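Structure record follows, encoded as structure tokens.
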Amino acid sequence: MRSLSFLLLALTGACASAGGGTRPAQAPAPASTETTSVARPQYPSTYVRHPNPPVLIRNATIMTATGQEIPNGSVLFKDGRIVAVGAKVDAPSDAVVVDGTGKYVTPGLIDDHSHLGVYAAPGTDAESDGNEATNPVTAEVWAEHSFWPQDPQIPLAIAGGITTIQALPGSANLIGGRSAILKLIPARTVQEMKFPGAHYGLKMACGENPKRVYGRRGGPSTRMGNMAGYRAAFILAEAYRRRWDAWNKDHKGDPPERNLRSESLAEVLRGNMYVQNHCYRADEMAQMIDLAHEFGFKIRSFHHAVESYKIADLLAKEGTSVSVWADWWGFKEEAMDGVQQNAALNQQAGGRPIIHSDDPGGIQRLNQEAAKAMYAGQRAGIPITRDQALRWITVNPAWAVGLDSIVGTLEPGKMADVVVWSGDPFSVYSKAVQVYNDGWLAYDRSDPAHQPRTDFELGEMPAPGSDR
Amino acid sequence: MIALLLAQTIAITGGTVYPVSGPKLANASVLIRDGRIVAVGTNVPIPPDATRIDAAGKWITPGLIDGAGQIGLVEISAVPGTRDASVQGDTIAASFNVAEGINPASTVIPVTRIEGITTALAVPTGNLVSGQAVLIDLDGATIEQMLVKSPVGVVADLSESAKDAAGGSRAAVAERLRGVFRDALEYERRKTDFSRAQMQALSASARDLDALLPVLHGRVALIAYANRRSDIETALRLAKEFKLKLILAGAAEGWEVAAAIAAAGVPVLVEPLSNIPGYDALGIRYGNAGIMAKAGVKVALLEPDTHKSRNLRQQAGNAVSYGMTWDQALRAVTLSPAEIFGVADRYGSLEPGKVANVVVWSGDPFEFTTGVEHVLIRGKEIPLKSRQTELLERYKKLPPSY
């Protein structure tokens, strides 16, 4: 109903402290142990795995996102971990057995570009919390501080098979703030959703949006102004980082004064926080790569990246992923050169494509969007495999948020984020029928007891029926 | 020149034909001459001079009709200079017919038609009465060549977004419309008095009141956007009071009052993939189209986003997932919109005499695996090219050769 696409963008990143949950054992270690701030835990995750008996899904087509598609296969998971995947798997006696005949099983889907919770439904000004459009550089704001766990869009996305999201600030600002990496589960607080060990993202934005928002408010008003704005911010952050790194060596004297804006950017410079960069045009992405080289950081993903197919070779060489739509185009000038083969062309060039939503509707059918992009590629003679297309919505976005060792594939040891589909997930007629998040049955299409509803919906919205 | 182009015979042979007006026909052919369908069946003699399109293993359907959007009226959404769907400064813009705002050279047209959408309603936006919607084929060098019917209906907004134009209350929206309708009828009765300035002030300009008369006499439809159940009921109430030929659009909570809509014989234009709650429609849900269809409402599907109009078939596929039958969904993007827009004598099905808007698909048109193999608009085969296919060709191998 609403189109946020003009406003959206950005990720923030920082390392989160591991929460009180039992997982994950494989939390990624920060690239650097030094941090700008004091060692006390900051804004920790309080995520705890929901208990669930072991589950064996059998007789299903298992799509692992590791290159395999196992017909009549099984998946066993226990205590939030995948235990076994294969043609024959023995179940413990206490396991719940799910008959997967005719069904397909995939990893939980991951959307690395969502504004759930920060642009919540019903979409009034009161819930418009995604753009701190008061300054072109707001690296100091964190999406988690805007995130509303009662957003009624959350259960809709869960029903679409989503298990992890990156909730991003919008794209009004050159540097929009930190993203929140969240387990998509019903919760009272965002802390209960924060993915333990995830790297924050830093949302940055190129092009039209910052120009439009600030052009008559002190700038930037041009693309060259945008570039100067990023550089000025990172120059300050370099000095800030030096001061803190020096102080952290011996802790002598008073610590430097904290500055939240530079603190986020310093974490980017240290490699602890991943840059998630809204950028449409190929030439601008090349500019941003130069910027990253100037300051010695990596851009983890270009988001929207409507023209990324034009420089797919450069992006592959740079190791920067692209988070794209299947077929959005035309809503503004920098989106005029969209092609349906964008993801496929990046795959062909050796890049790491991701299908993202940036949309509360699209997040409910990422599988369909990936299907469109895959078949558009195939019809154009680009040999995209089903496994590759599945990776576009699972392990590739997991990589973009630094969680690919924990989620995104069906492999023993990985977190049991598992979706059971009524049929081939690349068919328009298939739906998620069960969604397990960390082994917990977060959604079951045939069981109202497993169809979470937010507080907002109670008494406001008709109860979900079979049509939902 | 035009006549020359049309003076040809095309035979699409050996495919599975979905005429929509009747059951599917296996191993059947569609014969086209001079832009019209002349025969459909399993035993159609193919003239020797016919250009043949071998459709063995393919599916053949009527061209899809998108129930609403701004194709041709909006080129780049964020660039005001390329937007021609809305007129400012007139909350009752009934005389605003969008036709002359249509750009036959719009890049949106080729992008959309090569995905099997051959016809679309071009709809004005904004205001309380937005203007007149027209039906266009997605081919033609001039506006005249594109137009199928003008106007199809006068568009009114009874949703939340219209309140401001009426002073801030839903009740005022309805009263304002009633006042305008009454004034139009009064104006019609007393045109002489009006021209002598012997009438009280009217609530809209004479030209807008004039434009409403065909609506008030049931010759042109009122296309009313309404989402909340009570707003849908208000639209039905107005239609009853003024004996209007009503088409409901949006109708997000239509499923809650499907029986009343069906009883009123009112058709709806609905987006299946629409379920994000707002205060205008907290009851919005995917099952809407299916529930209404089951209740006997005539449903046409739409993809409201102009640049995504090509995703109409994805919308239709999802309508099937959420409650419509496949046959209902195909009808809802072909014959039903043709009927709703009053052009079913020429459009919407594969029958002799109908305009030859025909699509040959590699399979089920709603499935992602399926590609478009041939598109014919008014009997002319459309090259499967767009700005996007040109970009693809240029950048398929890097670096490109400029």
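The values are calculated or read from the model by the stated rules, or taken from the named source; none is laboratory data. Given the structure is predicted, the values throughout are model-derived calculations rather than measurements. Note: ideal-geometry Cβ built from the backbone for every residue, glycine included; neighbour counts use all protein chains shown. SASA here: full protein model, heavy atoms, side chains in, ligands and nucleic acids out. Shrake-Rupley method; radii C 1.70, N 1.55, O 1.52, S 1.80 Å.
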Positions within the range B:100-121 being part of a loop (DSSP other than H, G, I, E, B) and closer than 17 Å to residue B:142 by Cα, in sequence order: B:102, B:103, B:104, B:105, B:106, B:107
Selected residue (criterion: surrounded by the most Cβ atoms within 10 Å (Cβ to Cβ)) from residues of the range A:443-466 that are within 20 Å of residue B:291 (Cα to Cα) and more than 9 Å from every other protein chain (Cβ to nearest Cβ): A:445
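Yes/no matrix, rows are residues, columns are (1) loosely packed, with under 15 Cβ neighbours inside 10 Å; (2) at positive phi:
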position	(1), (2)
B:187	no, no
B:194	no, no
B:197	yes, yes
B:204	no, no
B:207	yes, no
B:212	no, no
B:215	no, no
B:223	no, no
B:231	no, no
Residues being in contact with a Phe, Trp or Tyr (Cβ under 8 Å, 6 or more places away or on another chain) and either at pLDDT below 95 or within 10 Å of another protein chain (Cβ to nearest Cβ) (or both) - total across the range B:368-390: 6
Filter pass, residue A:346 being touching a Pro at 6+ places or on another chain (Cβ under 7 Å), open to solvent by less than 20 Å² (accessible area, probe 1.4 Å), free of Cβ contacts under 8 Å to residues at least 60 places away in the same chain and polar (S, T, N, Q): yes
Exclusive hit being closer than 24 Å to residue B:68 by Cα, part of a helix (DSSP H, G or I) and hydrophobic (A, V, I, L, M, F, W, C), set B:269, B:222, B:236: B:236
Condition check for residue A:411: open to solvent by 40 Å² or more (accessible area, probe 1.4 Å), assigned to a loop (DSSP other than H, G, I, E, B), within 14 Å of another protein chain (Cβ to nearest Cβ) and among the charged types (D, E, K, R): no
Residues of the range A:268-296 classified as touching a Gly at 6+ places or on another chain (Cβ under 7 Å) and open to solvent by 10 Å² or more (accessible area, probe 1.4 Å), total: 4
Residues (closer than 23 Å to residue B:286 by Cα, open to solvent by less than 10 Å² (accessible area, probe 1.4 Å) and more than 14 Å from chain B (Cβ to nearest Cβ)) located in the range A:428-442: A:435, A:436, A:442
Residue ID - farthest from the other protein chains (Cβ to nearest Cβ), chosen from residues in the range B:75-99 that are open to solvent by 20 Å² or more (accessible area, probe 1.4 Å) and assigned to a strand (DSSP E or B): B:97
Filter pass, residue B:41 being modelled with pLDDT of 95 or more and either in contact with a helix residue (DSSP H, G or I) (Cβ under 9 Å, 6 or more places away or on another chain) or farther than 30 Å from residue B:220 by Cα (or both): yes
Given (1) without any contact (Cβ under 8 Å) to a residue 60 or more places away in the chain; (2) crowded, with 24+ Cβ neighbours inside 10 Å, number of the condition residue A:337 does not satisfy: (2)
Any hit, the range A:319-330, residues being under 18 Å from residue A:204 (Cβ atoms), aromatic (Phe, Trp, Tyr) and within 14 Å of chain B (Cβ to nearest Cβ): no
Residues of the range B:35-74 that turn out to be within 25 Å of residue B:120 (Cβ to Cβ) and more than 14 Å from chain A (Cβ to nearest Cβ), as a count: 17
Conditions (1) open to solvent by less than 30 Å² (accessible area, probe 1.4 Å); (2) farther than 29 Å from residue A:114 by Cβ: number failed by residue A:236: (1)
Some residue of the range A:340-355 being part of a helix (DSSP H, G or I), at negative phi and of a type in the set (D, E, K, R): no
Residues (assigned to a strand (DSSP E or B) and either more than 15 Å from the chain's Cα centre (by Cα) or closer than 23 Å to residue A:220 by Cα (or both)) located in the range A:132-180: A:137, A:142, A:170, A:175, A:176, A:177, A:178
Test: residue in the range B:58-74 that is aliphatic (A, V, I, L, M), on the phi < 0 side of the Ramachandran plot, in contact with a Phe, Trp or Tyr (Cβ under 8 Å, 6 or more places away or on another chain) and buried (at least 22 other Cβ atoms within 10 Å of the Cβ): yes
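Each row is one residue, and each column tells you yes or no for (1) within 14 Å of chain B (Cβ to nearest Cβ); (2) surrounded by 22 or more Cβ atoms within 10 Å (Cβ to Cβ); (3) not aromatic (Phe, Trp, Tyr); (4) not in a loop (DSSP other than H, G, I, E, B).
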{"residue": "A:130", "(1), (2), (3), (4)": "no, yes, yes, no"}
{"residue": "A:182", "(1), (2), (3), (4)": "no, yes, yes, yes"}
{"residue": "A:186", "(1), (2), (3), (4)": "no, no, yes, no"}
{"residue": "A:197", "(1), (2), (3), (4)": "no, yes, yes, no"}
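Residue by residue, here is whether (1) open to solvent by 10 Å² or more (accessible area, probe 1.4 Å); (2) in contact with a Phe, Trp or Tyr (Cβ under 7 Å, 6 or more places away or on another chain); (3) closer than 29 Å to residue B:78 by Cα holds:
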site	(1), (2), (3)
A:135	yes, no, yes
A:139	no, no, yes
A:159	yes, yes, no
A:212	yes, no, yes
A:216	yes, no, yes
Residue A:306 being within 14 Å of another protein chain (Cβ to nearest Cβ), β-branched (Val, Ile, Thr), in contact with a strand residue (DSSP E or B) (Cβ under 9 Å, 6 or more places away or on another chain) and open to solvent by less than 60 Å² (accessible area, probe 1.4 Å): yes
Verdict on residue B:253 being at pLDDT 95 or above, within 21 Å of residue B:154 (Cα to Cα) and either buried (at least 24 other Cβ atoms within 10 Å of the Cβ) or within 11 Å of chain A (Cβ to nearest Cβ) (or both): no
All helices (runs of 4 or more DSSP H) inside the range B:287-402 with 1 or more residues being in contact (Cβ under 8 Å) with a residue 60 or more places away in the chain and open to solvent by 10 Å² or more (accessible area, probe 1.4 Å): B:312-321, B:326-332, B:335-340, B:387-395
Filter result for residue B:147 (in contact with a strand residue (DSSP E or B) (Cβ under 7 Å, 6 or more places away or on another chain) and within 30 Å of residue B:282 (Cβ to Cβ)): no
